[in-house]
Every structure is written in structure tokens, then in C-alpha cells.
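Colleague: For reference, the structure I am asking about is given below.
No value in this document is a laboratory result; all are computed from the given coordinates. Values in this document were obtained by computation on a predicted structure and should not be read as measured data. Because the Cβ atoms are built from the backbone with ideal geometry, glycine has one as well, and the counts that use them run over all protein chains shown.
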Amino acid sequence: MKEITLDFAGINSLWKLHEYFKKVFQLPDYYGNNMDALWDCLHCSFEFPTTIVLKNIEKIPSEMREAVEIMLELFHDLEERDEEVTVVVEAETKIINISDYII
């Protein structure tokens, strides 16, 4: 099983967020730097069981709240639609299922 950890400490702009996604997921140069483009790149792209760990979401600035909510919905949908993907949120010292984290 592969594990991808997304640590959001230090992410303070949408530009940094999408540059981080580009780096971690090794997205193509044509990646559009938005959540729709992220979905297009990630949806059904995992060939092996993969766990995506989301860390330090609470450190993303509050002015990015809308983007964070959309991102969480995207990862939840990814987990729901791709049987190879499990997404967990590491909140402080415990790990919870993404379904329990989003409203």
C-alpha cells in the first residue's frame, strides 16, 4: 500500500496550495491550478491501494476556508468513487476518517 501525506503547514495562499498538489501528486505541466483540474488529474488515477493523509488542515489561514471546504469535499468524493483510495485526516494527535471530518 502506498501512503501520500499532505502536510498543509506553511500553505497560506491558493497558489501555494496548488503548487504543493502539483509537486506531491506529480501533476502534469498543464495542471490548471484549481480544484476541478485537481479532480480531473486524480480521479481514477490510482492503480494501487493508496492512503492519502491530510495533516495540519487547521493551519491553513481562515481566509482560505472556502477552498479548504471544497478540497475536503474533493478528497471525500475521491475516496467514495475510487476503491483504491482511503483518505484520513490527522487532527492533532489522532487520525479520523474524512467522512467524519467534513460537514
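Colleague: Count charges around L27 for me, please; just the other residues with Cβ under 15 Å from its Cβ, Lys/Arg as +1, Asp/Glu as -1. Working shown, then result.
Modeller: Details: positive: K16, K22, K23; negative: E19, D29, D36, D40.
Computed value for this residue: -1.
Colleague: Next up: Evaluate the relative contact order of segment 1-60 (contact order divided by residue number), counting alpha-carbon pairs under 8 angstrom at least 6 apart; express in whole percent. Let's see the in-between values first.
Modeller: Values: 61 pairs, mean separation 38.1, N = 60.
For segment 1-60, the relative contact order is 63 percent.
Colleague: Work out the count of Lys pairs in segment 2-101 where the Cα-Cα distance is under 23 Å, with the pair 8 or more places apart or on different chains.
Modeller: Close lysine pairs found across segment 2-101: 12.
Colleague: Placing unit charges on C-beta atoms (Lys and Arg positive, Asp and Glu negative, everything else neutral), compute the dipole magnitude of segment 1-73 about its Cα centre in debye, rounded to 20. Working shown, then result.
Modeller: On the way: 7 positive and 12 negative charges, 56 e Å.
It comes to approximately 260 debye.
Colleague: Also: Report for the chain the percent antiparallel among DSSP-assigned beta bridges with both residues inside it, nearest 5.
Modeller: Values: 4 of 16 bridges.
Rounded to the nearest five, the antiparallel share is 25 percent.
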